[in-house]
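The values are calculated or read from the model by the stated rules, or taken from the named source; none is laboratory data. The shown structure was predicted, so the numbers you read here are calculated from the model rather than taken from an experiment. We place every Cβ from the backbone using ideal geometry, glycine too, and count neighbours over all the protein chains shown. Just the protein is used for accessible areas: all its heavy atoms, side chains included, with ligands, DNA and RNA removed. Shrake-Rupley method; radii C 1.70, N 1.55, O 1.52, S 1.80 Å.
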Amino acid sequence: MVNPGPLTPGQVSFLLGFVPVLVAWIYSELLEYRKYSSHSKVHSDNNLVELGSDAVKEEDRAVLLEGGVLKSASAKFHSSSAKSSLLRFVSMDESFLLENRTTLRSMAEFGAILVYFYVCDRTNILSETTKSYNRDLFLFLYFLLIIVSGMTSFKKHQDKSAFSGKSILYLNRHQTEEWKGWMQVLFLMYHYFAATEIYNAIRVFIAAYVWMTGFGNFSYYYIRKDFSVARFTQMMWRLNFFVAFCCIILNNDYMLYYICPMHTLFTLMVYGALGIFNKYNETPAVMAVKIFSCFLVVIIVWEIPGVFDFLWSPLLFLLGYTDPAKPEIPRLHEWHFRSGLDRYIWIIGMLYAYYHPNVERWLEKLEEAEPKKRHTIKTGIVASSVFVGYMWYEYIYKLDKVTYNKFHPYTSWIPITVYICLRNFTHQLRGCSLTLFAWLGKITLESYISQFHIWLRSSVPNGQPKLLLSLIPNYPMLNFMLTTAVYVLVSHRLFDLTNSLKSVFIPTKDNRRLFQNFLAGVAISVSLYFLAFVLLLIPNNA
């Protein structure tokens, strides 16, 4: 039974902000239609040459507005101050609405998707059903997806290494996106079908995501040396913009979506580790001290009793979580448990990124070696990897979930390393990927958050999604097909919208403008929240 809870100031403030944006977007589309109609009418009386010329101009302008997804709109939006833009928006200035039509459309679409989230998970408009696990069906669906992906999206790549300039392709972007994709599919199916028997595998997958946080962020900051405020803000926007609105609209704690605070924390730690005295990052001794310091911080915070609670208690309002089904558990328990499971693996990712150029150079020499030597070394790598993987599987993976969790922080690097070795031991394997999984890998954050509300269902604030959304009652497989199609489509749109709005509101080379946008955002949020709070008090005083 759905229990949406009482209406909150956050939900009311969202509506107070969303409705004007929706009206402004509709009005801007009407203005565009009128302008286009007027343009066509005026030029219908001119000669054909003028008509053709202006039509081309109109097409070019349309391409900029529609296809450029906010490049032109973003430039125009940034050309005026946040204050003047807000005033022009409130006054419904027609030229402003036309200039920012695509931005308004993106904001309106984003808001409409959030409304859909609420309808699916907090109302009785749509029905729900229970989860059911069948191993045969689970494996059938997953391997069918692999076969279809292999037949339709197999692709060979010839990208050049940023370090050597050669086509070594060790841990290239296509490969890591594919890696995220196939893990994400299993992770989501684990939730949908309640496949508890692969719990330990899911823990490894989440560790791999955190490993990529360390690996990817270290690689970026070490190579690009871009520690700018704009870059930092873009990362925080990417990780938290969408989830912040979900928390507001659905009245959930941040920690319900534990992947987001985890990745935010470890991204901040990588940023801090490389950003402090960053001009010395090329010095091996300094880098060794930084890596050692990271391990030391983790040991102090997570291994010494009492330190974790002391450190994070001031942020209880942000990182606290209470499961309605288990109200007796301390509010910091979830954050301690989730962050603790993968407390070391992000540092391992940093180490692998640091030695990435060395491995590439070694692989380059290996590929140029005589065939007999090359085959011997590769055979040894495969044999060693398989043996280590088998031992880990026998003595670690097979443990019950409670016991396994105790070993996981210290052993999760083993299956990750085994996978990397097996995935990269030949040039042919390194140079190909399944682009369907790579495409899914790009929307892992959006698909992770969206699953809670438009694929699964919790029906209560802060509830774990123990039910399934039902669009076609009594037809479980048809319902699975339809809800999955809608869910993937919405996740992809959210990915595009998050990035589009990021390009509008976070200028890359103008910190002053960025600060103005930040202040404007805070002022608008506080004003809407205060107004919502007052409106909610009216019924109580009536």
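Note on segment 332-360: among residues that are more than 28 Å from Phe317 (Cβ to Cβ) and surrounded by fewer than 16 Cβ atoms within 10 Å (Cβ to Cβ), the one that is nearest to the chain's Cα centre (by Cα) is Tyr355.
Scanning segment 459-490 for residues that are of a type in the set (Gly, Ala, Ser) and within 24 Å of the chain's Cα centre (by Cα) gives Ser459, Gly463, Ala485. Go through segment 292-324 and count every residue that is buried (at least 16 other Cβ atoms within 10 Å of the Cβ), closer than 20 Å to Tyr410 by Cα and among the aliphatic types (A, V, I, L, M). Qualifying residue count for the region: 2.
Any residue at all in segment 352-367 that is hydroxyl-bearing (Ser, Thr, Tyr), closer than 23 Å to Val270 by Cα and touching a Pro at 6+ places or on another chain (Cβ under 6 Å)? No, segment 352-367 contains no residue that is hydroxyl-bearing (Ser, Thr, Tyr), closer than 23 Å to Val270 by Cα and touching a Pro at 6+ places or on another chain (Cβ under 6 Å). Pairs are defined by a Cβ separation below 9 Å, a sequence spacing of at least 6 or placement on different chains, a first member in segment 272-290 that is polar (S, T, N, Q), and a second member that is in a helix (DSSP H, G or I); the pairs so defined are Asn278/Tyr221; Asn281/Tyr221; Asn281/Tyr222; Asn281/Leu274; Asn281/Met287; Asn281/Lys290. Scanning segment 338-387 for residues that are out of contact with any Cys (no Cβ under 9 Å at 6 or more places or on another chain), more than 22 Å from Phe218 (Cα to Cα) and without any contact (Cβ under 8 Å) to a residue 40 or more places away in the chain yields a total of 17. The set of residues in segment 389-404 that are part of a helix (DSSP H, G or I) and either farther than 30 Å from Arg173 by Cα or touching a helix residue (DSSP H, G or I) at 6+ places or on another chain (Cβ under 6 Å) (or both) comprises Gly389, Trp392, Glu394, Tyr395, Ile396, Tyr397, Lys401, Val402, Thr403, Tyr404.
Just to verify a result, which residue in segment 414-458, among those that are within 15 Å of Leu363 (Cβ to Cβ) and among the aliphatic types (A, V, I, L, M), is modelled with the lowest pLDDT? Before you say what the answer is, go through the steps one by one.
From segment 414-458, those within 15 Å of Leu363 (Cβ to Cβ) are 420-431; that's our starting set.
With the extra rule that they be among the aliphatic types (A, V, I, L, M), the set shrinks to 420, 422, 429.
Details: Ile420: 97, Leu422: 96, Leu429: 92.
Taking the candidates together, the pick is Leu429.
If I filter segment 195-203 for residues that are open to solvent by less than 20 Å² (accessible area, probe 1.4 Å) and among the basic types (Lys, Arg), do I get at least one hit? Yes - at least one qualifying residue is present in segment 195-203. Looking at segment 82-111 only, could you name the residues that are farther than 20 Å from Tyr27 by Cα and either open to solvent by 50 Å² or more (accessible area, probe 1.4 Å) or hydroxyl-bearing (Ser, Thr, Tyr) (or both)? The one that is farther than 20 Å from Tyr27 by Cα and either open to solvent by 50 Å² or more (accessible area, probe 1.4 Å) or hydroxyl-bearing (Ser, Thr, Tyr) (or both): Lys83. Restricting attention to segment 112-159, the residues that are closer than 17 Å to Phe437 by Cα, open to solvent by 80 Å² or more (accessible area, probe 1.4 Å) and of a type in the set (Ser, Thr, Tyr) total 1. Considering segment 390-425, and only residues there that are hydrophobic (A, V, I, L, M, F, W, C) and free of Cβ contacts under 8 Å to residues at least 24 places away in the same chain, the residue that is surrounded by the fewest Cβ atoms within 10 Å (Cβ to Cβ) turns out to be Val402. Filtering Gly111, Gly52, Gly67 for residues that are out of contact with any His (no Cβ under 7 Å at 6 or more places or on another chain) and modelled with pLDDT of 95 or more leaves a single hit, Gly111. Close Cβ contacts (under 9 Å, 6 or more residues apart or on different chains) running from residues in segment 246-260 that are under 11 Å from Leu318 (Cβ atoms) to residues that are of a type in the set (Lys, Arg) comprise Asp253/Arg331; Met255/Arg331; Met255/Arg338.
In summary, Pro327 fulfils each of the numbered conditions (1) free of Cβ contacts under 8 Å to residues at least 40 places away in the same chain; (2) in contact with a helix residue (DSSP H, G or I) (Cβ under 9 Å, 6 or more places away or on another chain) with the single exception of condition (2). I'd like to know if segment 480-493 contains one or more residues that are closer than 16 Å to Met107 by Cβ, open to solvent by 40 Å² or more (accessible area, probe 1.4 Å), at pLDDT 95 or above and part of a helix (DSSP H, G or I). There is at least one residue in segment 480-493 that is closer than 16 Å to Met107 by Cβ, open to solvent by 40 Å² or more (accessible area, probe 1.4 Å), at pLDDT 95 or above and part of a helix (DSSP H, G or I). Select, from Arg224, Arg231, the only residue that is within 18 Å of the chain's Cα centre (by Cα) and farther than 30 Å from Tyr404 by Cα. Just one listed residue meets the conditions, Arg231.
Listed conditions (1) under 23 Å from Arg343 (Cα atoms); (2) surrounded by fewer than 18 Cβ atoms within 10 Å (Cβ to Cβ); (3) under 18 Å from the mean Cα position of the chain (by Cα); (4) of a type outside the set (A, V, I, L, M, F, W, C) are all met by Gly214, apart from (2).
Residues checked against (1) charged (D, E, K, R); (2) free of Cβ contacts under 8 Å to residues at least 60 places away in the same chain; (3) touching a Pro at 6+ places or on another chain (Cβ under 6 Å); (4) farther than 16 Å from Val243 by Cα:
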{"position": "His453", "(1), (2), (3), (4)": "no, no, no, no"}
{"position": "Leu478", "(1), (2), (3), (4)": "no, yes, no, yes"}
{"position": "Met481", "(1), (2), (3), (4)": "no, yes, no, yes"}
{"position": "His492", "(1), (2), (3), (4)": "no, yes, no, no"}
{"position": "Leu501", "(1), (2), (3), (4)": "no, no, no, no"}
{"position": "Val526", "(1), (2), (3), (4)": "no, yes, no, yes"}
{"position": "Pro539", "(1), (2), (3), (4)": "no, yes, no, yes"}
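On the given criteria, is Leu531 open to solvent by less than 70 Å² (accessible area, probe 1.4 Å), assigned to a helix (DSSP H, G or I), over 25 Å from Val2 (Cβ atoms) and aliphatic (A, V, I, L, M)?
On the way: open to solvent by less than 70 Å² (accessible area, probe 1.4 Å): no; assigned to a helix (DSSP H, G or I): yes; over 25 Å from Val2 (Cβ atoms): yes; aliphatic (A, V, I, L, M): yes.
No, not satisfied.
Among the conditions (1) under 18 Å from the mean Cα position of the chain (by Cα); (2) open to solvent by 20 Å² or more (accessible area, probe 1.4 Å); (3) of a type in the set (Gly, Ala, Ser), the only one that Ala285 does not satisfy is (1). If you go through segment 506-517 and keep only what is open to solvent by 40 Å² or more (accessible area, probe 1.4 Å) and either without any contact (Cβ under 8 Å) to a residue 60 or more places away in the chain or in a loop (DSSP other than H, G, I, E, B) (or both), you end up with Thr508, Lys509, Asp510, Arg512, Phe515. In a residue-by-residue description of segment 159-173, the property of being out of contact with any strand residue (DSSP E or B) (no Cβ under 9 Å at 6 or more places or on another chain) and more than 30 Å from Leu366 (Cβ to Cβ) applies to no position.
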